[in-house]
Each structure stands twice: as structure tokens, then as C-alpha cells.
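Asks: Please read through the structure below; I'll follow up with questions.
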């Protein structure tokens, strides 16, 4: 007879992913062991293996859950309508909120992608690419010259992501500037240069 799934199965998996994100962000994927993770979860290695066949599976879920949250934010922005300027502002706010709430996952995504096997890395990259292409389309709508100067469209897009992707290294959620203020500043710089403050 097949073993039934515990009622809190998904919650326990989520707890493992949260603990793994913090651990991998601190020690790196290669520097963190399953014993470390079990200790962090106040659990045992065998219980971790009950939920995940390998450490790589946990790493994939850490990254996939973060990328899916970013894509869900994009879907929400798309569903709300508005012109490209409105969409890029809403999306930047949504991304900043996610970066603050999932700083460990974000750091792991940025630093540990090469630790995934090629097929799984491809899955993550394809979901990231969707975000990049959408932002690129917004920027082309805002600045049609980018459609004619295609060689600059991707660099402009990556400059946008460069402004927000590394905020986890310096942004303090308890500091004087809020995540929403940083998001607005990013968009203001993108759309018109440094604003007069």
C-alpha cells in the first residue's frame, strides 16, 4: 500500500526550501552540506531525503520558486494594463518587494545557477529570459529608437536589471529609504536621468 502524504507536506517542503535558501546564500551551494541543512531545519538527513532526492533538487526549488514569483508579478502587471511607463514602474515595485522578501533566494539565483545540471539550468534561464524579453519590449515602447538600434536594446534592459538585481547586497529594509522609494528612483533614473530631489 502506498504511503499517504502528510497534511503538512507542502509546508514542510517550503520550510526546507527557506532554510536551504538561507544556508546556500551564506555558505554557497558547495559549502553547505545536507547535514548543515538538517541541523538548520531541526531535522534529520533521512527526513530531508523524504522530501527531496538530492541537494540539487532543493537548489532547483529554491531558484524555481523565486523565478516563478517574479513571473507571477509580471503576469499581474500585464493583467492590470496601462502603458509601458506604468508597467515598468509597477513591475519594478513588485520586483523590489520580492527581492526584499526573498533576499536569500535571490542571492542563490544570482550566484549558484551554474551548480544546476544543464537541463534544470535551462528551465530557470528560460523563465528568466521571459522577464528580460518583456522588460525589453517595455523599453522599446518607451524609446522606439531601441527598435532601430537593436544592438542597444538588450544592454538597456540589462542595465535596468543591474540597478535592481544587486540591491540585496546593500539595501536595508529597515533603513531610511523604503523599497518603494528605491523602486521609484530606479524607474526615474531609467526614464529621465537622476531626478531633482
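The values are calculated or read from the model by the stated rules, or taken from the named source; none is laboratory data. Worth saying up front: this structure is predicted, and the values here are computed from it rather than measured. Note: ideal-geometry Cβ built from the backbone for every residue, glycine included; neighbour counts use all protein chains shown.
Asks: I'd like the full set of residues that are over 14 Å from residue 17 (Cβ atoms) and under 12 Å from the mean Cα position of the chain (by Cα), limited to region 52-73.
Replies: 70, 71, 72, 73
Asks: Looking only at region 150-172, filter to residues that are surrounded by 11 or more Cβ atoms within 10 Å (Cβ to Cβ) and not in a helix (DSSP H, G or I); which one of those is farthest from the chain's Cα centre (by Cα)?
Replies: 171
Asks: On the given criteria, is residue 130 modelled with pLDDT of 95 or more, over 23 Å from residue 25 (Cα atoms) and surrounded by 16 or more Cβ atoms within 10 Å (Cβ to Cβ)?
Replies: Taking the combined requirement at face value, the residue does not satisfy it.
Asks: Touching a helix residue (DSSP H, G or I) at 6+ places or on another chain (Cβ under 7 Å), in a loop (DSSP other than H, G, I, E, B) and surrounded by 13 or more Cβ atoms within 10 Å (Cβ to Cβ): which single residue out of 29, 95 fits that description?
Replies: Within the list 29, 95, the selection yields 29.
Asks: Let me ask something else about it. Could you check region 23-36 and list, in sequence order, the residues that are at pLDDT 95 or above and within 22 Å of residue 8 (Cβ to Cβ)?
Replies: 23 - this is the single residue of region 23-36 that is at pLDDT 95 or above and within 22 Å of residue 8 (Cβ to Cβ).
Asks: Please verify whether residue 77 is farther than 20 Å from residue 183 by Cα, part of a helix (DSSP H, G or I) and touching a residue at least 12 places away in the same chain (Cβ under 8 Å), treating the condition exactly as stated. If you could, list the steps in order and put the result at the bottom.
Replies: Working: farther than 20 Å from residue 183 by Cα: no; part of a helix (DSSP H, G or I): yes; touching a residue at least 12 places away in the same chain (Cβ under 8 Å): yes.
No; evaluated as a whole, the condition is false for this residue.
Asks: Turning to a different aspect of this structure: Check off (1) touching a residue at least 60 places away in the same chain (Cβ under 8 Å); (2) surrounded by 15 or more Cβ atoms within 10 Å (Cβ to Cβ) for residue 85 and give me the number that stays unchecked.
Replies: (2)
Asks: Give all pairs with beta carbons closer than 9 Å in which a residue from region 172-189 that is without any contact (Cβ under 8 Å) to a residue 24 or more places away in the chain and at positive phi meets a residue that is part of a loop (DSSP other than H, G, I, E, B) and surrounded by fewer than 11 Cβ atoms within 10 Å (Cβ to Cβ); count only pairs at least 6 apart in sequence or on separate chains.
Replies: none
Asks: In region 88-125, which residues are free of Cβ contacts under 8 Å to residues at least 24 places away in the same chain and more than 26 Å from residue 169 (Cβ to Cβ)?
Replies: 118, 119, 122
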